[in-house]
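Below: one structure, written as structure tokens.
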Amino acid sequence: MANFGELVLVLGDIHIPLRANAIPEKFKRMLVPGKMQHVICTGNLDVEQFEELRDLAPNVHIVQGDFDEFTCNITFPETRVVQVGVFRIGIVHGHQVLPWNDQAALGRMRRKLHCDVLISGHTHQNHVLEHDGHYHINPGSITGAYSSLTENVTPSFILLAVQGPKVICYVYELIKGEVEVSKTEFTKEEN
């Protein structure tokens with residue numbers, strides 16, 4: 001069997017039941033318990049999704065979204081930093097990083113959290129971008145829930161395969177009913 005390294009499911013902005021009815025079935029079939037070591041969620045979920053995420057992996061890391069107070073009676077931290085292999089991964093929902101989706105502002109948050117990779121959400125649009133020798137990752141919205149920035153959201157999530165100083169980042173998108181996958185690789189520079 002192939003060794004994919006430490007697998008990290010990255011998702012967020014679920015917004016069930018306020019803005020979406022369910023995670024798309026084609027994505028749900030891919031989320032198999034016990035295959036991943038970590039789940040990272042950028043918030044905006046309800047108690048049912050929280051329990052489902054806890055069933056997927058032994059390590060679940062969630063931050064407070066801007067709508068969690070309406071759908072979830074659990075309080076999550078505003079930010080988190082988790083260690084996966086040699087990578088310090090910072091997590092923030094993103095609504096508190098202004099201007100939204102601004103790489104310089106995300107860079108300031110990344111430096112504040114002293115992390116190698118910053119994962120944020122809020123915009124509902126996925127991206128994997130290099131900035132100042134570090135990476136900013138946004139998983140988008142796994143349900144395709146509309147956002148205040150756009151009504152047309154492509155459902156997406158990300159799977160990270162952490163292999164020593166290297167990360168292989170798979171972006172899964174549901175486009176016209178089919179799952180499409182793109183891949184990005186990056187390596188941590190030695191200090």
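Points to keep in mind about this one:
- Within segment 36-49, the set of residues being surrounded by fewer than 19 Cβ atoms within 10 Å (Cβ to Cβ) and either acidic (Asp, Glu) or modelled with pLDDT under 95 (or both) comprises Val47, Glu48.
- Scanning segment 35-58 for residues that are under 14 Å from the mean Cα position of the chain (by Cα), over 15 Å from Val84 (Cβ atoms) and not in a helix (DSSP H, G or I) returns Thr42, Gly43, Asn44, Leu45.
- Within segment 128-147, the set of residues being open to solvent by 50 Å² or more (accessible area, probe 1.4 Å) and in a strand (DSSP E or B) comprises Leu129, Glu130, His134.
- Each residue in segment 91-127 was checked for being open to solvent by less than 30 Å² (accessible area, probe 1.4 Å) and under 27 Å from Pro24 (Cα atoms), and 12 pass.
- So Glu6, is it surrounded by 12 or more Cβ atoms within 10 Å (Cβ to Cβ) and either closer than 18 Å to His93 by Cβ or at pLDDT 95 or above (or both): yes
- Considering residues of segment 74-88 that are of a type outside the set (A, V, I, L, M) and part of a loop (DSSP other than H, G, I, E, B) only, the residue nearest to Val8 (Cα to Cα): Gly85
- For Val32, the stated conditions do not hold, so it cannot be described as more than 14 Å from Ile158 (Cβ to Cβ), part of a strand (DSSP E or B) and either open to solvent by 30 Å² or more (accessible area, probe 1.4 Å) or at pLDDT below 95 (or both).
- Extreme residue, surrounded by the most Cβ atoms within 10 Å (Cβ to Cβ), among residues of segment 172-189 that are farther than 22 Å from Gly5 by Cα and hydrophobic (A, V, I, L, M, F, W, C): Leu174
- Hey, Thr42 in contact with an Asp or Glu (Cβ under 7 Å, 6 or more places away or on another chain) and among the β-branched types (Val, Ile, Thr) or not: yes
- Residue satisfying all of: in segment 59-90; more than 17 Å from the chain's Cα centre (by Cα) and among the hydroxyl-bearing types (Ser, Thr, Tyr); least open to solvent (accessible area, probe 1.4 Å) among these: Thr71
- Those residues of segment 148-161 which are open to solvent by 10 Å² or more (accessible area, probe 1.4 Å) and touching a residue at least 40 places away in the same chain (Cβ under 8 Å), in sequence order: Leu149, Pro155, Leu159
- Residue list for segment 14-30, filter: farther than 16 Å from Leu53 by Cα and among the hydrophobic types (A, V, I, L, M, F, W, C): Leu18, Ala20
The values are calculated or read from the model by the stated rules, or taken from the named source; none is laboratory data. No experiment lies behind these values; they were computed from the predicted model shown. We place every Cβ from the backbone using ideal geometry, glycine too, and count neighbours over all the protein chains shown. Just the protein is used for accessible areas: all its heavy atoms, side chains included, with ligands, DNA and RNA removed. Shrake-Rupley method; radii C 1.70, N 1.55, O 1.52, S 1.80 Å.
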